[in-house]
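Engineer: First, the structure itself, so that you have it in front of you.
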Amino acid sequence: MQGKTGAEAAPATRGRTTIADGVVEKIAGMAAREVPGVHALGGGFARTMGAVRGMVPGGRTGVTHGVKVEVGEIQTAIDLAVVVEYGVAIADLAAEVRENVIAGVERMTGLEVIEVNIAVNDVHLPDEDEEETTEGRLQ
């Protein structure tokens with residue numbers, strides 16, 4: 001007996017769904033940013049370029065900065081570059097980010113997340129906010 005085809009087949013088997021890398025990157029980036037203690041994603045250069053893009057009319061800062069993914073047919077692997085707030089327990093934060101990213105990506109895409117690698121690239125210090133605002137003023 002052969003499998004059912006056409007109108008007899010279940011709707012879920014009548015075609016294929018593909019999910020672009022950029023979709024998974026956006027979901028992972030948003031999920032990582034939701035975790036308290038994450039200041040930003042990306043390394044220093046990526047954050048600088050994102051800030052420059054944000055100042056250009058029509059330019060937008062991307063939620064995918066610091067996020068790289070590999071997407072297969074049923075699985076995905078995610079790499080994140082994170083800047084943490086000073087005083088946060090990095091191991092605990094990494095665990096929370098991992099949990100939130102896995103839950104968000106798996107819920108929205110149905111893909112199995114096989115790994116979430118986190119590279120902590122920097123620590124944001126409280127006094128850095130003052131330096132950023134004063135340097136940006138025109139004189």
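Engineer: Run through the stretch 71-127 and list the GluC sites (Glu not before Pro) located in a DSSP loop whose Cβ has at most 11 other Cβ atoms within 10 Å.
Structural biologist: Answer by residue number: Glu73.
Engineer: Give the calculated FRET efficiency between Ile74 and Glu99 to the nearest 0.05, with a Förster radius of 25 Å applied to their Cβ-Cβ distance.
Structural biologist: 0.75
Any read-out appearing in this document is the output of simple, stated calculations on the displayed coordinates, not a laboratory observation. Just so we're clear, the structure is a prediction, and the values are computed from it rather than from any experiment. Neighbour counts run over all protein chains shown; Cβ positions are idealised from the backbone, glycine included.
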